[in-house]
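A short write-up of the structure that comes next.
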Amino acid sequence: MNRFYLTTAIDYVNSRPHLGTAYEKVTADVIARYRRLRGHPTRFVMGNDEHSQNVFQRATELGLDPRVFCDRMEAVFREVWAKLDVSFDDFIRTTEARHRVAVTTLVERIAAAGDLYEGEYEGWYCVSCEAFKQDRDLVDGECPVHRSKPDWVKEKNHFFRLSRYRDRLLEHYAAHPTFVQPEVRRNEMLRLLERGLEDISVSRTGQRWGIPLPFDPSNVVYVWFDALTNYMAAVGYGSDEEQFATWWPADVHVVGKDITRFHAVVWPAMLMSAGIAPPRRVFGHGWVNWQGRRMSKSLGTNVDPLDAADRLGPDPLRLYLVKEIVYGQDGDFTWERFDERYNADLANNFGNLVSRVTAMAHKYRGGRVAPAPGAAPRLADVAADVVRRYRAALDAYALHAGMAAAFDLIDATNEFITRSEPWALAKSADRRRELDQALFEMVEAVRIAALLLWPAMPSSCAEIWRRMGQTRPIAESRLDADAAWSGGGRHVVQGPPLWPRLEAGGSIGGIAAGAPGVAAEKGSGTTMTDDIPTTAPLPVERDPGSRRVGGPRDGTPSAPPAGGTDPGPAAAPPAPAPAAPAPPPEPRISFDDFMKVRLQVARVLVAEVIPKSRKLLKVTVDDGSGERTLVAGIARAYAPETLVGRSVVIVANLEKARLMGVESNGMILAATDPDGQPVLLGVDNPDAAPPGARVR
């Protein structure tokens with residue numbers, strides 16, 4: 001049985017979820033829906049982490065009992081996930097009885113293995129992370145994630161012998177190369193293991209909010225030891241042996257890159273101690289940044305996912321998060337980029353295609369389409385190749401690549417319409433067979449595209465599926481059977497525009513779109529040409545990969561006017577505003593001067609904080625011919641552990657310099673965001689441009 005069990009990190013409920021939190025849930029939902037399309041029995045678990053001291057403090061501030069506060073926050077979180085159409089199968093809370101049983105059972109088994117002992121901890125503790133920190137984890141004395149100074153604590157705790165499991169973990173990594181993904185996260189964890197592990201606290205003293213240690217009720221279980229156990233509690237650990245045997249081990253834990261260490265080192269060591277199989281995979285996704293800065297409650301860089309969903313709809317937001325961010329890397333969200341992709345991908349492209357196809361089917365065949373007997377479909381091979389690439393991408397957790405493949409089929413269908421010219425075929429009685437075949441192929445290609453995009457846009461694609469004449473719910477479909485090119489007649493259904501165009505100034509069809517926090521009422525936003533809807537004007541717009549989106553590739557209108565004649569010249573654009581005086585030209589250098597600068601790719605091996613510096617990191621890189629050390633002023637934007645394994649661009653022939661007592665042999669290149677923070681320049685395909693590759 002190809003059963004599939006996936007989880008996301010459970011969330012602290014001290015405040016509302018932000019868009020970065022929603023990103024994790026939406027991408028995990030895409031994985032779950034894809035697995036269901038594959039016909040795999042799937043269990044998708046999410047939940048809330050309620051035993052955090054952050055939660056206790058927030059409840060105290062509001063004058064509420066912590067459990068009452070958590071009950072209220074559960075409703076808040078569920079509202080967001082319902083709005084975003086997240087299809088979890090179970091929602092676990094760490095205050096539930098089943099979780100308490102699982103935690104108690106696991107702690108007892110680890111104690112029985114001889115892996116717990118009593119000791120005293122003295123050191124840094126970040127309340128926001130709910131994590132103990134070593135000096136090497138801090139940047140200028142601050143937590144690199146939350147930019148706050150941790151507390152110095154000294155308390156008598158119970159400790160887990162994590163150091164005992166270093167070698168077993170290294171063996172596990174070697175035997176299971178895909179245990180941690182993406183590769184950059186795996187490399188980070190390997191460097192951590194190679195440096196050695198220290199024992200960690202499993203309890204906190206003097207707190208009453210939490211699960212008491214079974215052998216020492218004066219201590220509660222440390223929140224991370226508590227929280228990680230939810231993944232087993234949700235499938236019956238300690239309470240339902242049959243259910244646990246059915247679903248464990250988990251196939252993938254989807255978590256943020258900042259907590260990969262807990263899931264890829266601490267958690268498997270806990271399981272090894274208890275004699276339980278580790279999860280099959282931990283996927284540490286990147287962050288969603290807001291205008292180049294990490295989205296964070298504590299940093300004040302939040303976007304409320306309900307605001308974003310209300311602006312243009314939950315499905316456009318889901319598509320943006322999945323398609324525009326390379327899964328495993330950081331991505332950026334701005335309202336301007338969100339609006340731009342909505343128009344390019346949906347209003348001008350997929351939505352316009354659906355409207356054109358249904359309109360032509362009704363105009364020329366009364367909505368009834370069927371393939372011409374004996375005709376060889378021209379789009380079938382394109383669709384088969386797209387489905388193959390889509391499956392390969394989703395199986396490898398390259399969600400962005402899977403969505404891009406589906407849009408290749410949409411683009412191919414737009415090109416097919418341009419080449420076949422159904423409006424011209426309809427004028428000739430001798431070409432009825434060609435018209436029948438063209439109409440059917442258009443409908444069939446849109447049907448398959450809707451199926452492939454359904455995991456990202458479930459509501460919209462279910463409607464497109466229905467409009468393409470499908471009577472069985474799309475959620476009951478199976479990829480192997482239903483993504484294959486099919487035959488047989490069907491009745492196509494028309495409907496209003498799915499994604500009206502967002503006009504300049506933030507209006508949809510002349511009606512203001514929802515600003516952050518304001519729901520938008522959507523108007524039509526389309527014009528009719530030969531009864532075939534097309535967004536007007538239809539710009540020629542290219543994405544960063546230069547793939548044409550928004551209509552035919554030759555720049556012609558999406559459809560001709562009545563009679564199939566040339567639509568004539570477009571109306572003249574308004575006169576441009578007077579140009580501002582041009583700034584004086586900047587001094588230029590010759591090509592020969594530029595070629596004196598040796599830019600090349602390097603891979604980060606080690607990154608360390610430079611004591612007494614708030615901005616500088618000591619970075620050791622592989623430059624293709626050996627190792628070199630550089631000093632980089634990026635500490636405020638990048639935690640050292642996030643750099644390991646990353647490909648960067650360096651100036652290799654810069655004169656050596658000594659900074660804060662460290663010799664720097666070169667320079668790492670970075671851009672600067674609007675807030676003056678550094679943004680590293682990277683390499684799109686590190687395998688194709690290994691260390692030492694010249695940048696020209």
Checklist entry - Inside the stretch 238-350, counting only helices (runs of 4 or more DSSP H) that do not spill past its ends, which hold 2 or more residues that are over 20 Å from the mean Cα position of the chain (by Cα)? => result 241-247, 267-274
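Considering only helices (runs of 4 or more DSSP H) fully contained in the stretch 21-114, which possess at least 2 residues that are among the small types (Gly, Ala, Ser)? Show your work before the answer.
Working: elements: 53-61, 66-83, 97-112.
Hits in the stretch 21-114: 66-83, 97-112.
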Checklist entry - What number of residues within the stretch 351-368 are over 27 Å from the mean Cα position of the chain (by Cα) and in a helix (DSSP H, G or I)? => result 11
Item to check | Test: residue in the stretch 325-332 that is crowded, with 21+ Cβ neighbours inside 10 Å and among the acidic types (Asp, Glu) | outcome: no
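Taking the condition among the hydroxyl-bearing types (Ser, Thr, Tyr) and modelled with pLDDT of 95 or more, does Thr60 pass?
Working: among the hydroxyl-bearing types (Ser, Thr, Tyr): yes; modelled with pLDDT of 95 or more: no.
Taking the combined requirement at face value, the residue does not satisfy it.
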Checklist outcome for this item: Within the stretch 653-696, of all residues that are over 18 Å from Tyr638 (Cα atoms) and of a type in the set (D, E, K, R), the one surrounded by the most Cβ atoms within 10 Å (Cβ to Cβ) is Glu663
Checklist entry - What is the residue count in the stretch 617-633 for residues that are surrounded by fewer than 22 Cβ atoms within 10 Å (Cβ to Cβ) and of a type outside the set (Ser, Thr, Tyr)? => result 7
Checklist entry - Among (1) touching a residue at least 24 places away in the same chain (Cβ under 8 Å); (2) within 30 Å of Leu84 (Cα to Cα), which single condition is Ala401 missing? => result (1)
Checklist entry - From the residues in the stretch 669-690 that are within 16 Å of Leu616 (Cα to Cα) and in contact (Cβ under 8 Å) with a residue 60 or more places away in the chain, which one is farthest from the chain's Cα centre (by Cα)? => result Leu669
Checklist entry - on the phi > 0 side of the Ramachandran plot and either within 25 Å of the chain's Cα centre (by Cα) or among the aliphatic types (A, V, I, L, M) (or both) - does that describe any residue in the stretch 402-418? => result no
Item to check | Residue check, Ala227 assigned to a helix (DSSP H, G or I) and touching a strand residue (DSSP E or B) at 6+ places or on another chain (Cβ under 7 Å) | outcome: yes
Item to check | Positions within the stretch 194-220 being assigned to a strand (DSSP E or B) and closer than 20 Å to Pro279 by Cβ, in sequence order | outcome: Ile200
Checklist entry - Of these, Arg388, Arg378, which one is surrounded by fewer than 16 Cβ atoms within 10 Å (Cβ to Cβ) and outside any helix (DSSP H, G or I)? => result Arg378
Checklist entry - Got at least one residue in the stretch 268-283 being crowded, with 19+ Cβ neighbours inside 10 Å, within 18 Å of His400 (Cα to Cα), at pLDDT 95 or above and touching a Ser or Thr at 6+ places or on another chain (Cβ under 7 Å)? => result no
Checklist outcome for this item: Val644 passes all but one of the listed conditions (1) out of contact with any helix residue (DSSP H, G or I) (no Cβ under 7 Å at 6 or more places or on another chain); (2) outside any strand (DSSP E or B); the exception is number (1)
Checklist entry - Residue check, Val13 against (1) surrounded by fewer than 17 Cβ atoms within 10 Å (Cβ to Cβ); (2) out of contact with any Lys or Arg (no Cβ under 7 Å at 6 or more places or on another chain), all met but one. Which one? => result (1)
Next on the checklist: Condition first: over 22 Å from Val288 (Cα atoms) and over 19 Å from the mean Cα position of the chain (by Cα). Now tell me which residues in the stretch 1-35 satisfy that.
Outcome noted: Met1, Asn2, Arg3, Phe4
Next on the checklist: Among the residues of the stretch 143-166, what is the count of those that are in a loop (DSSP other than H, G, I, E, B), at pLDDT 80 or above and of a type in the set (A, V, I, L, M, F, W, C)?
Outcome noted: 0
Item to check | Within the stretch 404-433, considering residues that are surrounded by 18 or more Cβ atoms within 10 Å (Cβ to Cβ) and touching a Pro at 6+ places or on another chain (Cβ under 9 Å), the one nearest to Gly367 (Cα to Cα) | outcome: Trp423
Item to check | Unmet criterion (only one of (1) assigned to a helix (DSSP H, G or I); (2) basic (Lys, Arg); (3) more than 25 Å from Gly402 (Cα to Cα)) for Lys427 | outcome: (1)
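The values are calculated or read from the model by the stated rules, or taken from the named source; none is laboratory data. Keep in mind it's a predicted model, so treat the numbers as computed, not measured. Neighbour counts are summed over all protein chains in view; Cβ atoms, including those assigned to glycine, are modelled from backbone coordinates with ideal geometry.
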